[in-house]
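The values are calculated or read from the model by the stated rules, or taken from the named source; none is laboratory data. Keep in mind that what you see is a predicted model, and the values were worked out from it rather than measured. Because the Cβ atoms are built from the backbone with ideal geometry, glycine has one as well, and the counts that use them run over all protein chains shown.
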Amino acid sequence: MNYVVEIEPSANTGIYLTNDIHEGGKSEGALLIEEGFAELKCKTHTSAVFAYCGFLVPLRDPETGLGLNLSYFTSLSFDLTFDSDVRDTVLIYLHGEEFRMGESRTRIHMQPINPMPGMAHYHLELSDFFIPSWWLLYFAQDQSDSGTNLRNVIGLQITTGDNRTEKNTRLALGNIELKGKWIYAGQLYFYLLLGGLAIVLIRGLTSAFRYRAKYLESRERSAELYKLNKLLSVERDKFENLSKTDPLTGCINRAGARELLERLVCIAPTEGPKAALILLDIDHFKQINDSYGHEEGDRVLVELAAYLRSRSRNEDAVVRWGGEEFAIICPQTSGQQASLLAEHLRTRLPEVIAVQAKGITCSFGVAEFVGSGVEAWFRRADAALYQAKAEGRHRVVLAD
Ligand SMILES: Nc1nc2c(ncn2[C@@H]2O[C@H](COP(=O)(O)OP(=O)(O)OP(=O)(O)O)[C@@H](O)[C@H]2O)c(=O)[nH]1
């Protein structure tokens with residue numbers, strides 16, 4: 001992007017005449033300033049000093065009041081009319097004010113042009129300005145002091161040139177234009193680099209946020225899945241338990257009992273009896289159903305189951321074996337001990353309210369596990385029960 005400073009000669013521009021009088025010369029000049037141009041008529045006289053006349057255009061930054069920083073400027077252009085008795089150059093100077101070793105001085109930058117007679121537009125690259133050899137000779141302090149410095153340019157000077165004969169010259173200066181860049185290439189690259197880094201950073205952050213959001217989403221989903229699995233496993237356990245529970249009485253059913261018995265007989269041998277099995281069957285239950293109805297029969301079953309559970313030990317398992325038949329699995333119990341428990345249950349049966357009124361009795365078959373498998377164990381208990389029924393019911397029979 002270009003930045004332009006335009007100067008139109010006028011009374012306000014502050015253009016003034018310079019000539020060699022100050023250095024001891026004799027050249028004469030007359031300056032006329034009109035709106036839009038400044039005219040200089042000059043008669044140069046040879047003398048001991050370099051003879052010249054010229055314009056000096058002050059350059060000031062209106063905001064700071066200092067000279068112009070032309071470091072970022074690229075060109076100087078102006079309209080100039082040239083008339084002279086002789087062929088001559090015109091010298092263009094830029095005066096840079098600077099401080100060195102605590103002292104103020106003016107660094108001169110210069111570029112000659114070779115004007116054609118009459119009016120022409122001149123365009124000069126600022127990079128073509130150089131420090132004249134006379135300035136280096138008289139003012140430069142060392143080698144490092146020979147470069148240009150356009151950071152604080154306080155004046156533009158346009159003077160008659162190198163032809164040292166006596167001459168009459170007319171110079172008319174029109175519009176002056178200084179063109180520059182808002183930022184110079186180095187800065188532009190720096191800002192571009194900065195912009196690039198910012199884009200990379202923003203992209204990185206955006207990706208990081210996106211990945212974090214995904215991570216959080218997947219974590220949330222995992223948590224949901226975990227909860228669902230837990231729920232399913234609870235439901236599965238519930239169904240598994242249900243499949244091993246009798247829905248009417250809440251006792252373990254035959255499937256559950258079978259699993260329990262298998263586990264029991266597999267336990268490593270312990271001292272003393274391993275287990276005993278009590279089978280009990282309600283006597284003439286069919287008649288209960290027939291007399292009081294099936295629902296009342298169910299109530300008897302439910303209350304009897306509760307009675308059996310309340311009278312057996314914690315480690316015993318009460319099983320609804322099927323229909324009106326129950327089993328009690330008693331770990332680490334001998335046949336004798338189980339018979340006593342069965343006897344106890346038989347005699348206390350009237351405690352069951354639903355049973356008492358109907359004069360219900362039960363028959364019991366008891367068998368201790370003797371080490372020849374669950375089926376054989378069960379058959380022995382069943383045979384004892386059959387015997388109890390056959391011998392008149394309402395009794396306990398212990399298998400051999
Ligand atoms: N209310 C009810 N009755 C059942 C249930 N399961 C089986 N029963 C009944 O139990 C009775 C069993 O009758 P039987 O096998 O003849 O035996 P019993 O009448 O008890 O005679 P004994 O066992 O020889 O003393 C049948 O009438 C079945 O309908 C049940 O869940 N509820």
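Brief remarks follow.
- Residue check for THR165: surrounded by 14 or more Cβ atoms within 10 Å (Cβ to Cβ) and of a type in the set (Ser, Thr, Tyr): no
- Within this structure, ILE176 passes the test of being surrounded by 10 or more Cβ atoms within 10 Å (Cβ to Cβ), among the aliphatic types (A, V, I, L, M), out of contact with any His (no Cβ under 7 Å at 6 or more places or on another chain) and in the same structural domain as LEU80 (by TED's automatic domain parsing).
- Summed over segment 280-318, residues that are without any contact (Cβ under 8 Å) to a residue 12 or more places away in the chain, farther than 21 Å from GLY256 by Cβ and not in a helix (DSSP H, G or I) total 1.
- Test for GLY359: is it of a type in the set (Gly, Ala, Ser), modelled with pLDDT of 95 or more and within 27 Å of ASN289 (Cα to Cα): no
- Residues of segment 123-149 satisfying the condition of being surrounded by 13 or more Cβ atoms within 10 Å (Cβ to Cβ) and in contact with a strand residue (DSSP E or B) (Cβ under 6 Å, 6 or more places away or on another chain): LEU124, LEU126, PHE129, PRO132, TRP135, THR148, ASN149
- Candidate set from segment 292-306 (those that are within 9 Å of the ligand (Cβ to nearest atom) and within 14 Å of PRO247 (Cα to Cα)); member that is surrounded by the most Cβ atoms within 10 Å (Cβ to Cβ): LEU301
- Just one of the numbered conditions (1) under 27 Å from GLU375 (Cα atoms); (2) within 16 Å of the ligand (Cβ to nearest atom); (3) out of contact with any helix residue (DSSP H, G or I) (no Cβ under 7 Å at 6 or more places or on another chain) is not true of GLU271: (2).
- Residue check, SER71 among the polar types (S, T, N, Q), in contact with a strand residue (DSSP E or B) (Cβ under 7 Å, 6 or more places away or on another chain), closer than 20 Å to VAL153 by Cβ and surrounded by fewer than 19 Cβ atoms within 10 Å (Cβ to Cβ): no
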